[in-house]
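Novice: The structure that follows is given in the form of structure tokens.
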Amino acid sequence: MQGHPSKLRVRPEVRAVRAGVIETRRDLHRRPELSWQEHRTQQVILARLRELGLADVRPIATTGATGLVEGRGNGPAVLWRADIDALPVPERSNLPFASENEGVMHACGHDAHIAIALGLAELLAKGSSELPGSVRFVFQPAEESSGGARACIADGVLDGPRIATVLGLHISADVPVGSINVAPGPFFASPTAIRIEITGRGGHAAAPHQSVDAVVVAAHVITALQTVVSRAVGPSETAVLTIGKVTAGFRGNVIAESAAMTGTIRTYSDRVRALMLQRMEEILAGVCAAFGATFELKHTTSCPPLVNDARVAAMVRAEGEEFFGAANIFAAPSMGADDMADFLQERPGCYFWLGARNEAKGIAGRHHDPGFVIDEDALELGLEFGLRLIERALADPPAR
């Protein structure tokens, strides 16, 4: 199959930087940093960009970084974005370069994103005199929390020069190495964090008739909320509602006065999100009234849906078919979320999944899991494919 890493045509200059890119990824993996705390990561990136001789190397968004590979003339400009933060996850991967920062881990592949972007910067800097345009690299903090992308945009990364096309990749533990997942239109969902607080009346477990048990109310609410997607959202729409955490009570013989639930809504449209929130309010009002409790629902949407430009996504797919082979191109949008969406609201572009799963090597983990691992063969493939995309985007940018 053409998608097998050993059979793909990777240019010699890419193979020449492979070892350095892997070394960079392992160093970053060993020393992960949480959102808005990426201080060492930022210094590593800035030092490398300066070493490569990029223009306009500077900190952005508090703990992020940017640099510009200047080509010849006044050609178009492409932005390549890489997120840089880690997660509050304790690592249990048994890798020799496992996290040394207790309770923090690159459990979503952002260390690989940084390493690939720095490798691309190195390769492009060496041939900058041949580039028909410029390439800005943006190393974005705080993708796992919120606000990182908007902070980068506020620091002017889309102008000076004006960006014509935005590109980026996300490593995938679900897509086989030697493959990509890309599609036009909505590709990642818009996430809305929800918090529900239920207030009843506490009391002794031996006298439940004197109380309003917030735990019982919460249980009925959780069950009833399952009908929001199954019965209120149209079958042709895509939506998720998950309650991920429930907190209530003091001890086993005390009826809980209050209960708190947190979760998430994922949708591709503002209309569906508004419908779901309305239906949640109605269900909460009805269930709580039935038991004599009260409630408060709070919600916050951190970023819009990630929408790939049709023309740029078609370019990524065409290049993918040429490099990986048509059988190794998937088109499966995700209900995950990524604030790359903010960049794509400002400029046409495309974000895609780069396969890093390899069951033959026993690499078949899950994102945000303590045992998350990737096949490092994906780094070389990401370099080669990223170069091809940048070259193509510079040669044939979208209409401004």
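Rule-based calculations on the coordinates, nothing more; no lab input. All of these numbers come straight from a predicted model, not from anything done at the bench. Neighbour counts are summed over all protein chains in view; Cβ atoms, including those assigned to glycine, are modelled from backbone coordinates with ideal geometry.
Novice: Size of the dipole of segment 102-248 about the Cα centre, Lys and Arg at +1 and Asp and Glu at -1 on the beta carbon, nothing else charged, in debye to 20? Before the final figure, lay out the partial values.
Specialist: Values: 8 positive and 12 negative charges, 80 e Å.
So the dipole magnitude of segment 102-248 works out to roughly 380 debye.
Novice: Considering all projection directions equally, how large on average is the shadow of the alpha-carbon convex hull of segment 209-258, in square nanometres? Numbers along the way, then the final one.
Specialist: On the way: hull surface 17.5 nm².
Mean projected area of the Cα convex hull: 4.4 nm².
Novice: Now a separate question. What aspartates and glutamates does Lys245 reach when the alpha-carbon gap must be under 13 Å and sequence neighbours fewer than 8 apart in one chain are set aside?
Specialist: Within the straight-line cut-off, Lys245 pairs with Glu197.
Novice: A further question on this structure: Based on the alpha carbons, how large is the Rg to Rh ratio for segment 55-146 when Rh follows Kirkwood? Write out the running numbers ahead of the final one.
Specialist: Numbers: Rg = 15.8 Å, Rh = 14.6 Å.
Across segment 55-146, the Cα-based Rg/Rh ratio is 1.08.
Novice: With a point put 7 Å past each Cα toward its Cβ, work out how far Glu13 is from Phe97 in nm, to one decimal.
Specialist: It is 2.4 nm.
Novice: Need one number: % antiparallel among DSSP beta bridges in the chain, to the nearest 5.
Specialist: Around 70 percent antiparallel, to the nearest 5.
Novice: Shifting gears a bit: Once you put a point 7 Å from the Cα of Arg40 and another 7 Å from the Cα of Phe291, both along the Cβ direction, what distance in nm separates them?
Specialist: Going from the Arg40 label point to the Phe291 one covers 4.6 nm.
Novice: Follow-up question, since we're still on this one. Where nothing but the Cβ of Lys and Arg (+1) and of Asp and Glu (-1) is charged, how large is the charge dipole of segment 318-400 around its Cα centre, in debye to the nearest 20? Don't jump to the answer; show the numbers that get you there.
Specialist: On the way: 7 positive and 16 negative charges, 32 e Å.
Charge dipole, segment 318-400, about its Cα centre: 160 debye, nearest 20.
Novice: By how many nm would the segment from Arg50 to Asp27 lengthen if fully extended, with 0.36 nm per residue of separation less the alpha-carbon distance? Could the numbers behind the result be given before it?
Specialist: Working: separation 23, 0.36 × 23 = 8.28 nm, distance 1.86 nm.
Between Arg50 and Asp27, full extension yields 6.4 nm more.
Novice: Could you work out how far the C-alpha centroid of segment 64-115 sits from that of segment 123-198, in angstrom?
Specialist: 11 Å
Novice: Can you compute the modelled spin-label distance between Arg195 and Asp155, with each label point 7 Å from Cα toward Cβ, in nm?
Specialist: Going by the 7 Å Cα→Cβ label model, 2.8 nm.
Novice: Once the Cα gyration tensor of the chain is diagonalised, what are the square roots of 5 times its eigenvalues, in whole Å and ordered largest first, as equivalent ellipsoid semi-axes?
Specialist: Values: eigenvalues 371, 100, 81 Å².
Gyration-tensor ellipsoid for the chain: 43, 22, 20 Å.
Novice: Within a Cβ distance under 11 Å of Val272, other residues only, what is the Lys/Arg minus Asp/Glu net charge?
Specialist: Numbers: positive: Arg266, Arg271, Arg273, Arg279; negative: Glu237, Asp270.
Every neighbour counted, the sum reads +2.
Novice: His220: net charge of surrounding residues, Cβ under 15 Å, Lys/Arg +1, Asp/Glu -1, itself excluded? If you can, show how the numbers build up before the last one.
Specialist: On the way: positive: none; negative: Asp213, Glu282.
Around His220, the charge tally is -2.
Novice: Okay, next question. Multiply the residue separation of Glu322 and Thr223 by 0.36 nm, subtract the distance between their alpha-carbon atoms, and state the gained length in nm to one decimal. Walk me through the numbers before you get to the answer.
Specialist: Values: separation 99, 0.36 × 99 = 35.64 nm, distance 4.81 nm.
Extra length from Glu322 to Thr223 when fully extended: 30.8 nm.
Novice: If you place +1 on the Cβ of every Lys and Arg and -1 on the Cβ of every Asp and Glu, how big does the dipole about the Cα centre of the chain come out, in debye to the nearest 20?
Specialist: The calculation lands at about 260 debye.
Novice: Across all directions of projection, what mean area in square nanometres is found for the Cα convex hull of segment 292-400? Could the numbers behind the result be given before it?
Specialist: Working: hull surface 44.4 nm².
If you wrap the Cα atoms of segment 292-400 in a convex hull and average its projections, you get 11.1 nm².
Novice: So which aspartates and glutamates can Lys7 reach, going by Cα to Cα under 20 Å and dropping same-chain residues fewer than 8 places off?
Specialist: Cα-Cα hits under 20 Å: Glu319, Glu321, Glu322, Glu359, Asp375, Glu376, Asp377, Glu380, Glu384.
Novice: In addition: Can you give the Rg and Dmax of segment 96-253 based on its C-alpha atoms, in angstrom?
Specialist: Looking at segment 96-253, its Cα Rg and Dmax stand at 24.2, 81 Å.
Novice: Which three extents, in angstrom, do the Cα atoms of segment 190-301 have along their principal axes, listed largest first?
Specialist: Its Cα atoms span 49, 22, 17 Å along the three principal axes.
Novice: With r as the distance between the Cβ atoms of Ala395 and Ser236 and R0 = 30 Å, compute the FRET efficiency 1/(1 + (r/R0)^6) and round to 0.05. Write down the numbers at each step before the final one.
Specialist: Values: r = 38 Å, r/R0 = 1.27.
Once the sixth-power term is evaluated, E becomes 0.20.
Novice: Then there's this: Quick one: check the C-alpha center-to-center distance for segment 24-61 versus segment 212-251, whole angstrom.
Specialist: Taking the Cα centre of each part, segment 24-61 and segment 212-251 sit 41 Å apart.
Novice: Please list, ordered by chain and number, the residues whose modelled amide H lies under 5 Å from the amide H of His368; skip anything fewer than 5 residues away on the same chain.
Specialist: Distant-sequence amide H within range of His368: Cys108.
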